[in-house]
Amino acid sequence: MFAQNGDNGERKLCIICSKGTLDMAYPGLILANAALMEGIDVTMFFTFWGLDIINKKKMKHLKCTPLGNPAMGMPNLLAVMPGATHLVTKMMEKEIEKLDFPPVDEFLQMIADAGGEMYGCKMSMDMMKLTQDDLFEGVAGVVGAMEFMEMSENAQVLFI
Amino acid sequence: MTTLEIVGKQVEFDEEGFLKNPDDWTRELAEALAAEMGITLTPKHWQVIEFCRQDFQRTGESPTLRRITKESGVTTKELYKLFPKGPAKKVARIAGLKKPTGCI
């Protein structure tokens with residue numbers, strides 16, 4: 001009946017998450033979820049520091065630092081003070097909650113429940129001495145860069 | 001804007017297929033729109049649709065999927081099964097609401 005019936009057909013999005021800070025974890029999670037809500041297939045690939053997002057021990061404790069981040073408006077001299085990172089992280093967590101975005105672990109579960117596929121990067125995991133047991137249960141597997149290339153064939157790729 | 005005759009009634013839609021006037025909505029219309037998307041409405045579908053319509057009346061906005069799963073008693077997994085491939089817009093279309101704008 002309508003050309004744009006919200007059906008995105010075979011459209012596919014691959015998101016590479018390479019950062020492990022709270023502020024850099026959310027863009028990937030939000031976009032993955034938005035794509036799923038739009039009917040787009042999603043594959044997420046967590047590499048290097050991005051593995052912290054799916055690391056069971058760390059995913060609930062991602063931090064946001066004001067140090068070296070001029071957008072945050074805190075002078076670096078203050079940002080190095082003990083507790084500054086903790087304070088900024090708490091503030092950011094509060095803002096995230098106000099917007100009704102779930103915490104990282106709940107967000108991952110939501111993406112998994114919506115059919116999003118998640119993979120850890122093999123090389124980074126070897127380097128950090130991690131196994132799949134260390135990762136969030138919804139992670140489908142551990143793959144290398146070449147396998148990721150196969151998975152991302154014909155997909156739009158985002159590197160975050 | 002497109003006007004279509006559905007279940008014997010002239011109904012106006014915007015260019016993306018969302019109902020122009022929420023008052024035009026009827027249960028028969030919802031069934032016809034769902035059928036168009038290959039969905040047969042079950043009581044679980046209705047649970048979602050009715051929640052969305054009530055929520056829209058309260059807030060004037062189409063509820064986000066997060067809000068639907070938090071408040072309607074239907075889980076994320078179920079929601080994606082009920083309205084496969086793009087539940088956000090499908091729910092809003094069938095419930096006769098405007099295009100959802102939330103990011104979550």
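The values are calculated or read from the model by the stated rules, or taken from the named source; none is laboratory data. It should be emphasised that the depicted structure is a prediction, and the values quoted were computed from it without experimental measurement. A quick note on method: Cβ atoms are made from the backbone with ideal geometry, for glycine too, and the neighbour counts reach across all protein chains shown. Protein only, heavy atoms only, side chains kept; ligands, DNA and RNA dropped before computing areas. Shrake-Rupley method; radii C 1.70, N 1.55, O 1.52, S 1.80 Å.
Summary table
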item	result
Among residues of the stretch B:72-84, those that are within 7 Å of another protein chain (Cβ to nearest Cβ) and either touching a residue at least 24 places away in the same chain (Cβ under 8 Å) or touching an Asp or Glu at 6+ places or on another chain (Cβ under 6 Å) (or both), counted	2
Count - residues of the stretch A:88-103 that are aliphatic (A, V, I, L, M) and either exposed (fewer than 15 other Cβ atoms within 10 Å of the Cβ) or over 15 Å from residue A:21 (Cα atoms) (or both)	2
Hits in the stretch B:1-32 (condition: within 12 Å of chain A (Cβ to nearest Cβ) and in a helix (DSSP H, G or I))	B:32
Candidate set from the stretch A:25-61 (those that are assigned to a strand (DSSP E or B) and more than 14 Å from chain B (Cβ to nearest Cβ)); member that is farthest from residue B:83 (Cα to Cα)	A:55
Residue B:67 being open to solvent by 70 Å² or more (accessible area, probe 1.4 Å), modelled with pLDDT of 90 or more and part of a helix (DSSP H, G or I)	yes
In the stretch B:33-54, the residues that are assigned to a loop (DSSP other than H, G, I, E, B), within 19 Å of residue B:72 (Cα to Cα) and over 13 Å from the mean Cα position of the chain (by Cα)	B:42
Matching entry among B:77, B:98, B:81 (being open to solvent by 10 Å² or more (accessible area, probe 1.4 Å), assigned to a loop (DSSP other than H, G, I, E, B) and of a type in the set (D, E, K, R))	B:98
Per-region count, the stretch A:104-160, residues part of a loop (DSSP other than H, G, I, E, B) and exposed (fewer than 14 other Cβ atoms within 10 Å of the Cβ)	6
Among (1) part of a helix (DSSP H, G or I); (2) polar (S, T, N, Q); (3) within 12 Å of chain A (Cβ to nearest Cβ) - the single one residue B:57 does not satisfy	(3)
The lone exception for residue A:64 - which of (1) in a helix (DSSP H, G or I); (2) touching a Ser or Thr at 6+ places or on another chain (Cβ under 9 Å) it fails	(1)
